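Worksheet: the structure to be examined is printed underneath.
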Amino acid sequence: MDKNNEKICEKKLKAAEIKLNKILRKINLLKLNNYDISRIDLPQNKEGKKFIYFNGWLKNFAIFIMVFAGVIVSLWWHYSQFYPNCLIPLPLDSKSLFRSPEDCSMCVRVRDVIRLANITAEEFEEDYAYTTQPVIVTDATKHWKAIQEFSFDFFSKFYRTTKMGRKINECFYFAYKSGLNSLNEVFAMDERRVNLSGEPWYVGWSTCYEEETRALRQYYERPYFLPKTAESDMVDWIFMGGPGQGAHMHVDSVRHMSWQAQVRGSKTWQLAPPPECLYSCKWITFTVQPGDILVVDTNRWYHKTNVLPGDISITIGAEYD
């Protein structure tokens, strides 16, 4: 593919991505389900009759969204197969749009998070490791150096003064609402913002090089309660930011179960059942404190986080099979 065609391709895909994101944001903002729509008090005409075209318009709009989204996905697949150099990642929010419906038995008996300590790997595997019951283990980080040493300055030095710094824009990165488009921008923030007295921020990123992961894992270890047969790949996640910030409500598309260790700061979590289970299951809200490890199936529970006032929040996460 020549450079001119590649630029045209990038512009078209970018425009399509922007349009799809606008539609997805509109859907999230409206937050309407079929029950809500059925109770809408429609405006009346002069004869006192409800506009009969409303339902038709709504159906057409829904069809338009599905068709448009299908076109975007088709384009994305087409270009990923035939034009790998002109590939723009499918928007993350679109993953929940095309997921399969859940069996509500996943959450119907889940009433709250369960807090545990001093549990064996065998007990954890049998009762919790591969279920949809969210669990917090409170005593698994006692000997982690990360609890004392992880900070903004730690990560700034780790990525900017070592060979890792040449690779920090090659891995997964989530800006959320920070306006910081890369780790380079994160570690170039002014001192006020770094100290949480300026514009709020919250970001996340993954490790994706073995030497990077091994270097960080010198400060934390595999949680003692994980099943002895469970394996982890060489990818970990780091989430960091200040009070009032966090991840928006979303569902993940990762391969396995995962754990997240709250290394610094406190954070509230909200778990929401899938939309098809809203009338069968309940929302769960809880707080994780420094030293807590949360185990939750983020592929099935929708989740949102919010950093509480006080210290900077730093979270380390990983998957296990």
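What are the pairs with Cβ atoms under 6 angstrom where one residue, in region 192-217, is of a type in the set (Gly, Ala, Ser) and the other, located anywhere, is part of a helix (DSSP H, G or I) and modelled with pLDDT of 95 or more? Sequence gap at least six, or different chains.
These pairs meet every condition: Gly198/Arg192.
Just the residues that are under 14 Å from Asn118 (Cα atoms), open to solvent by less than 30 Å² (accessible area, probe 1.4 Å) and not aliphatic (A, V, I, L, M), please, taken from region 140-150.
Once the filter is applied, which keeps residues that are under 14 Å from Asn118 (Cα atoms), open to solvent by less than 30 Å² (accessible area, probe 1.4 Å) and not aliphatic (A, V, I, L, M), region 140-150 yields only Thr141.
Restrict the check to region 246-267 and report whether at least one residue is part of a loop (DSSP other than H, G, I, E, B), within 22 Å of Val186 (Cβ to Cβ) and aliphatic (A, V, I, L, M).
Yes; the residues of region 246-267 include at least one that is part of a loop (DSSP other than H, G, I, E, B), within 22 Å of Val186 (Cβ to Cβ) and aliphatic (A, V, I, L, M).
Which ones in region 268-300 are outside any strand (DSSP E or B), within 18 Å of the chain's Cα centre (by Cα) and free of Cβ contacts under 8 Å to residues at least 60 places away in the same chain?
Within region 268-300, Trp283, Thr298, Asn299 qualify.
Every residue in region 268-294 that is open to solvent by 30 Å² or more (accessible area, probe 1.4 Å) and either touching a Lys or Arg at 6+ places or on another chain (Cβ under 8 Å) or of a type in the set (Phe, Trp, Tyr) (or both), please.
Of everything in region 268-294, those that are open to solvent by 30 Å² or more (accessible area, probe 1.4 Å) and either touching a Lys or Arg at 6+ places or on another chain (Cβ under 8 Å) or of a type in the set (Phe, Trp, Tyr) (or both) turn out to be Gln270, Tyr279, Lys282, Trp283, Thr287, Pro290.
Of all residues being open to solvent by 10 Å² or more (accessible area, probe 1.4 Å) and basic (Lys, Arg) in region 218-267, which is nearest to Gly310 (Cα to Cα)? Just the residue, please.
Among those residues, the one meeting the criterion is Arg264.
Return the total of residues in region 187-206 being in a loop (DSSP other than H, G, I, E, B) and over 25 Å from the mean Cα position of the chain (by Cα).
2
Give the residues of region 99-121 that are open to solvent by 60 Å² or more (accessible area, probe 1.4 Å), acidic (Asp, Glu) and touching a residue at least 12 places away in the same chain (Cβ under 8 Å), sorted by residue number.
Answer for region 99-121, where residues must be open to solvent by 60 Å² or more (accessible area, probe 1.4 Å), acidic (Asp, Glu) and touching a residue at least 12 places away in the same chain (Cβ under 8 Å): just Asp112.
Which of the residues belonging to region 208-229 are in a loop (DSSP other than H, G, I, E, B) and in contact with a Lys or Arg (Cβ under 9 Å, 6 or more places away or on another chain)?
Cys208, Tyr209, Gln218, Tyr219, Tyr220
Being open to solvent by less than 70 Å² (accessible area, probe 1.4 Å) and either at pLDDT below 85 or basic (Lys, Arg) (or both) is the filter here; which residues of region 151-178 pass it?
The answer is Thr162, Met164, Gly165, Lys167, Ile168, Cys171.
The values are calculated or read from the model by the stated rules, or taken from the named source; none is laboratory data. What you are looking at is a predicted structure, and each value in this text was computed from that prediction instead of being measured. Glycine also receives a Cβ, built like all others from the backbone with ideal geometry; neighbour counts cover every protein chain displayed. When the accessible area is computed, the model is the full protein with side chains, heavy atoms only, and any ligands, DNA or RNA have been set aside. Shrake-Rupley method; radii C 1.70, N 1.55, O 1.52, S 1.80 Å.
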